[in-house]
Amino acid sequence: MLAEISNLELVARTVVDGFISGLHRSPDFGFSQEFAEYRSYSPGDDLRHVDWNVFARTEKAYLKRYRGETNTEVTVLLDGSASMAYRSTAVSKFEYAKFVACAIVYLAHLQRDSTGLIVFHDDVTHAVRPSARQGQLMRLLHGIEHAQTGKRTDFQRPFDELRSLLKRRGITVLLSDFLTDVDTVVKTIEPLRFHGNELILLHVLDRQEIEPTLGGPVLLVDMETDDSMEVSPDYVKGEYRAKMAEHIQSLKSKAQGAGMEYFLLPTDRPLDAGLREYFKIRERRI
């Protein structure tokens with residue numbers, strides 16, 4: 001259904017409306033004194049907001065958040081490398097990631113958060129500085145709508161750009177298929193954590209990349225390097241699936257070990273349901 005909607009603002013509204021109705025509560029947080037939730041302390045956070053009563057009981061530091069809070073800065077990083085163009089159904093990984101990006105910036109807009117965007121592959125192709133000023137949502141949606149896939153992935157360039165854009169601590173959401181060395185990804189983006197930023201990795205994969213099915217031997221061609229490899233159904237059913245499962249688990253465990261959040265989003269998963277599950281997991285973790 002989303003693939004047939006050409007207006008990305010309508011896509012965002014459709015996803016977010018389904019997400020919010022599934023949660024059965026407003027996602028709004030703010031400056032008012034109605035308590036909303038706790039979140040884990042990150043280095044650089046203001047110690048005045050730590051709940052010391054909770055710390056005395058648990059020896060863990062948590063910060064209080066209140067409904068109506070408007071000081072969050074959200075930056076979405078969208079991977080436009082060539083491999084993101086892969087599809088086995090109507091929606092490619094890149095299109096799915098664009099839908100997720102639209103939903104996130106729209107949700108941030110509803111919360112009156114300052115929001116920005118970086119689109120990249122081996123270079124930064126589009127950047128919008130985080131802002132909450134009038135017209136920012138349209139600037140972000142326009143940037144997402146016109147984003148194109150390019151060449152190979154280089155995580156260093158977008159994170160150099162991100163450091164120049166960020167003026168204060170916030171939330172960074174990275175949308176990618178992460179088909180590269182796990183240690184390189186984690187080591188490249190981990191430094192942002194030490195400046196008090198919250199990092200969320202949303203792993204977008206096609207179901208055929210996770211659990212491929214073949215009717216016979218095929219020649220697979222790498223979309224970024226043009227390297228080719230002949231594979232058999234037995235290989236993809238056994239060794240390949242094991243290697244992909246290991247890659248996913250390695251990324252998840254190393255990201256979480258570095259203080260980041262990780263969530264897998266297969267492109268056959270309804271977006272509102274995927275976001276709802278992620279935020280419920282977040283809520284339980286807090």
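Got at least one residue in segment 185-196 being at pLDDT 90 or above, among the hydroxyl-bearing types (Ser, Thr, Tyr) and under 25 Å from Leu251 (Cβ atoms)? Looking for residues that are at pLDDT 90 or above, among the hydroxyl-bearing types (Ser, Thr, Tyr) and under 25 Å from Leu251 (Cβ atoms), one finds none in segment 185-196, hence no.
One residue is enough: does segment 160-170 have a residue meeting the conditions in contact (Cβ under 8 Å) with a residue 12 or more places away in the chain and polar (S, T, N, Q)? No, segment 160-170 contains no residue that is in contact (Cβ under 8 Å) with a residue 12 or more places away in the chain and polar (S, T, N, Q).
Counting the residues of segment 186-221 that are closer than 29 Å to Ala258 by Cβ, without any contact (Cβ under 8 Å) to a residue 60 or more places away in the chain and in a loop (DSSP other than H, G, I, E, B) gives 1. Residues of segment 82-111 that are of a type in the set (Gly, Ala, Ser) and over 15 Å from the mean Cα position of the chain (by Cα): Ala82, Ser83, Ala85, Ser88, Ala90, Ser92.
Can you say whether Asp226 is in a loop (DSSP other than H, G, I, E, B) and over 30 Å from Glu198 (Cβ atoms), as far as the supplied structure shows? Please lay out each step first, then the result.
Details: in a loop (DSSP other than H, G, I, E, B): yes; over 30 Å from Glu198 (Cβ atoms): yes.
Criteria met by Asp226.
Restricting attention to segment 170-185, which residues are assigned to a loop (DSSP other than H, G, I, E, B) and within 17 Å of the chain's Cα centre (by Cα)? Give the derivation first.
First, the residues of segment 170-185 that are assigned to a loop (DSSP other than H, G, I, E, B): 170, 177-181.
Listed by number, the residues that qualify are Gly170, Asp177, Phe178, Leu179, Thr180.
Anything in segment 124-143 that is aliphatic (A, V, I, L, M) and touching a strand residue (DSSP E or B) at 6+ places or on another chain (Cβ under 9 Å)? List them, or say none.
Residues satisfying the conditions are Val124, Ala127, Val128, Ala132, Leu137, Leu140.
Selection within segment 108-142: residues that are free of Cβ contacts under 8 Å to residues at least 60 places away in the same chain and among the polar types (S, T, N, Q). The member of this set that is surrounded by the most Cβ atoms within 10 Å (Cβ to Cβ) is Thr115.
Which ones in segment 120-159 are assigned to a helix (DSSP H, G or I) and either in contact with a helix residue (DSSP H, G or I) (Cβ under 6 Å, 6 or more places away or on another chain) or of a type in the set (Phe, Trp, Tyr) (or both)? Break it down stepwise before answering.
Residues of segment 120-159 that are assigned to a helix (DSSP H, G or I), as a first pass: 136-145, 156-159.
Within segment 120-159, Leu137, Leu140, Leu141, Ile144, Glu145, Gln156, Phe159 qualify.
The set of residues in segment 244-275 that are loosely packed, with under 12 Cβ neighbours inside 10 Å and within 22 Å of Leu220 (Cα to Cα) contains only Glu246.
The values are calculated or read from the model by the stated rules, or taken from the named source; none is laboratory data. Keep in mind the model is a prediction, meaning the values are calculated, not measured. Cβ atoms come from the backbone with ideal geometry, glycine included; neighbour counts cover every protein chain shown.
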